[in-house]
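Chemist: The structure under discussion is supplied below as structure tokens; questions concerning it will follow.
The values are calculated or read from the model by the stated rules, or taken from the named source; none is laboratory data. None of these values were measured; they are calculated from a predicted model. Cβ placement follows ideal geometry from the backbone for every residue including glycine, while neighbour counts extend to all protein chains displayed. Keep in mind that these areas ignore ligands, DNA and RNA; they rest on the heavy atoms of the full protein, side chains included. Shrake-Rupley method; radii C 1.70, N 1.55, O 1.52, S 1.80 Å.
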Amino acid sequence: MDDDLLVGQTLALVAEDIGLDTRLTSTPDEFFVVLDQWNPTHIAVDLVMPDMDGVEVMRLLAKRGCQAKIIISSGVGSRILDAARRSAAEHGLDIAGVLSKPFLPATVRALLATRERDDAIHVARKRGSECKFEVTEAGVRRALDGHEFQLVYQPKIECKTGAVAGLEALVRWHHPVAGIVMPDQFIRQAENWNLIDALTRQVSDQALRWLSQSFPGSALSISINISARTLVDFQLGEFASDLCRQLMIDPGRVIFELTESSAMTDPVVALALLTRVRMKGFHLSIDDFGTGYSSMVQLVRLPFSEIKVDKSFVMAAARSQEARTVTKSIVDLGHSLGLLATAEGVEDAVTLDFLNAIGCDLAQGYFIARPMPGNVVEDWIAKRCSLSPAILDSAA
């Protein structure tokens, strides 16, 4: 949808050139009529329209549950375009990118050229919606008893050398009917039913046993996510210390990650527990930093050894000066406090080069590797040139 006929035709010609069918509309009324009759994989929306602006159009698209990839175009400034992109994303829309007018056909082609991947995403979403099920307490208990919670691992590499430094363990529920269920569908419920400690034990046990069997004696680290509820009364340090002793794993290879908001839920309790964890030789990482509302005082008080830049900033760094500025500020803040800085959500070489240029220590994301089952990780690492030395030894 674009009220400038020439711009709309340019978009249509590029799309048709790579094999896509197109419909061109110039008014919101016409746009929504066509949308009701057609199910596009991509939608290009101009921000500045005489009858209804593009932000309102995208709000209505979100209300309709639109699953198409959205391309936002306009001649307004980059900050307004970026704000519109963030607004659309926060409404749940899938944003392919932004086009600042005037644009080159090659730029449009780059945004559309991943249509095969996008089609696969749509198929996966459709299957996911067909397989939705109600998460019940009995179901989670049965899954714990049946060891249906399994791990995948995403590598972290050194920005400077590309060497593998560690892995983050990510839990998936292998449900016998629904298939693979992502953690955002069951973690909150597990917390509410006081099952999160049992899940944390199971995840920690699985991750550390895999590490000891697959990479004994190496400096490769393993990151394990913990919940805010785990910080209340779970004897995390004692449990993990006993497990490491049993498996002959150096606690310095183990990193417990918690989100910024989790760390600040009860800072007094968190301070005591996290201090004990650090005293036993484990490392602590503050995840998703930059998205919470904690005070800087609390960040300084808690004994973290790693700070992870939230992926919302990292993923926008290639196109947003503001995102680059925030990312660099967080990296510099971490270094000033003696922390390692890790960026998650790296999806292209440009972003990885930027992170290296600003001195970021570690990076992870789909450009480097997607989360993989343990046996696949072993093969993936075997093909890499080298493993990193014990980089965490340099952290406070």
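Chemist: Can you work out the Karplus-derived ³J(HN,Hα) for every residue in the range 305-322? Use 6.51 cos²θ - 1.76 cosθ + 1.60 with θ = phi - 60°, whole Hz, and x for glycine or proline.
Modeler: For the range 305-322, the Karplus-derived couplings read 10, 9, 10, 10, 6, 4, 5, 4, 7, 5, 5, 8, 4, 5, 10, 10, 5, 4 Hz, x marking Gly and Pro.
Chemist: Residue by residue through the range 67-81, which ³J(HN,Hα) values in whole Hz follow from phi under the Karplus form 6.51 cos²θ - 1.76 cosθ + 1.60 (θ = phi - 60°), with glycine and proline marked x?
Modeler: 9, 6, 6, 9, 10, 9, 10, 4, x, 6, x, 5, 5, 5, 4
Chemist: Using +1 at the C-beta of Lys and Arg and -1 at the C-beta of Asp and Glu, which of 271, 323, 11 has the Cα lying farthest in the positive direction of the dipole of the chain?
Modeler: Positive-most Cα among the choices belongs to 271.
Chemist: How about the range 41-85: which trypsin sites (Lys or Arg not before Pro) there are in a DSSP loop, with at most 16 other Cβ atoms within 10 Å of their Cβ? Before the final figure, lay out the partial values.
Modeler: Details: sites: 59, 63, 64, 69, 79, 85; in loops: 64.
Sparse-neighbourhood loop trypsin sites (Lys or Arg not before Pro): 64.
Chemist: A follow-up question, please. Here are several values of Rg and Dmax of the Cα atoms in Å: (1) 21.7, 68; (2) 23.1, 70; (3) 25.5, 82. Which one was derived from the coordinates shown?
Modeler: Of the listed options (1) 21.7, 68; (2) 23.1, 70; (3) 25.5, 82, (2) comes from this structure.
Chemist: So which residue, out of 346, 135, 152, gets the largest mean-square fluctuation from a GNM of the chain using Cα contacts under 10 Å as springs?
Modeler: Looking only at 346, 135, 152, the largest GNM fluctuation is found for 135.
Chemist: Let me ask you something else. Report the FRET efficiency, 1/(1 + (r/R0)^6), for residue 91 and residue 246, where r is their Cβ-Cβ distance and R0 is 45 Å, rounded to 0.05.
Modeler: On the way: r = 48 Å, r/R0 = 1.07.
Efficiency, rounded to the nearest 0.05: 0.40.
Chemist: Would you work out the relative contact order for the chain, in percent, from Cα pairs under 8 angstrom that are 6 or more residues apart? Could you put the intermediate results ahead of the total?
Modeler: On the way: 620 pairs, mean separation 50.3, N = 396.
Dividing the mean separation by the residue count of the chain yields 13 percent.
Chemist: Okay, next question. Would you please give the residues with an amide H less than 5 Å from that of residue 167, counting only those at least 5 places away or on a separate chain, with H modeled from the backbone geometry?
Modeler: Close amide H contacts, sequence-distant or interchain: 156, 221, 222, 223.
Chemist: Now a separate question. Please list 248, 52, 279 in order of solvent-accessible area, largest first, computed with a 1.4 Å probe with all protein chains present. Before the final figure, lay out each step's value.
Modeler: Details: 248 175, 52 50, 279 150 Å².
Largest to smallest exposure gives the sequence 248, 279, 52.
Chemist: Check which residues have an amide H placed less than 5 Å from residue 69's amide H, if you skip close sequence neighbours.
Modeler: Amide H to amide H, under 5 Å and 5 or more residues apart or across chains, residue 69 pairs with 42, 43.
Chemist: Can you list the chymotrypsin sites (Phe, Trp or Tyr not before Pro) in the range 1-62 that are in a DSSP coil and have 13 or fewer other beta carbons within 10 angstrom? Each step should come with its number before you reach the end.
Modeler: Working: sites: 31, 32, 38; in loops: 38.
Filter output for the range 1-62: 38.
Chemist: Give the long-range amide H neighbours of residue 46: residues separated by 5 or more places, or on another chain, with amide H under 5 Å away, using H modelled in the peptide plane at 1.01 Å from N.
Modeler: When sequence neighbours closer than 5 places are left aside, the close amide H contacts are 73.
Chemist: I'd like the FRET efficiency for residue 300 and residue 184, computed as 1/(1 + (r/R0)^6) with the beta carbon distance as r and R0 of 25 Å, rounded to 0.05.
Modeler: Numbers: r = 30 Å, r/R0 = 1.20.
It comes to 0.25.
Chemist: Report the extension gain between residue 48 and residue 218 in nm, rounded to one decimal, defined as 0.36 nm multiplied by the number of residues separating them, less their alpha carbon distance.
Modeler: Working: separation 170, 0.36 × 170 = 61.20 nm, distance 5.61 nm.
Gain in length upon complete extension: 55.6 nm.
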